[in-house]
Amino acid sequence: MVEVLYFKFCRSYFILELVGGEVNASTSNRIDVTRETFRAPKKYFYQLIAFRRVYDVIWLLLNVGLDVVVFYISESIVWAVMTALFIEGVRRALKI
């Protein structure tokens, strides 16, 4: 997971930056970033908020889509509401 922070958000998007400077590649062409610390400068916070909104919209579309499918299959609003509560519970349990 730390490699994702380094390669995606630090090297590609430039949203995060390393606190301790640049990471040096070892002789085996591997980059070890397990001991590195990252920070997000205040000038990039608006980009992090945009990522969060994308994830929220994806979960909303998943929730509504499954609710509609369950409603049409079961023809019961109770099952549709139970599905919505279950998906929301999963989202909160995963802290997304």
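List of remarks:
- Conditions (1) surrounded by 11 or more Cβ atoms within 10 Å (Cβ to Cβ); (2) modelled with pLDDT under 85; (3) not polar (S, T, N, Q): number failed by Glu88: (2)
- Within segment 38-96, if we keep just the residues that are within 11 Å of the chain's Cα centre (by Cα) and among the basic types (Lys, Arg), the residue that is nearest to Arg11 (Cα to Cα) turns out to be Arg52.
- For segment 37-49, a residue qualifies if it is assigned to a helix (DSSP H, G or I) and surrounded by 11 or more Cβ atoms within 10 Å (Cβ to Cβ), and the qualifying residues are Tyr44, Phe45, Gln47, Leu48.
- Within segment 63-85, tally of residues that are over 21 Å from Arg52 (Cβ atoms) and loosely packed, with under 13 Cβ neighbours inside 10 Å: 9
- Checked against the criteria, Glu22 does not count as surrounded by 14 or more Cβ atoms within 10 Å (Cβ to Cβ) and modelled with pLDDT under 80.
The values are calculated or read from the model by the stated rules, or taken from the named source; none is laboratory data. The model shown is predicted, which means the values in this text are computed figures rather than measured ones. We place every Cβ from the backbone using ideal geometry, glycine too, and count neighbours over all the protein chains shown.
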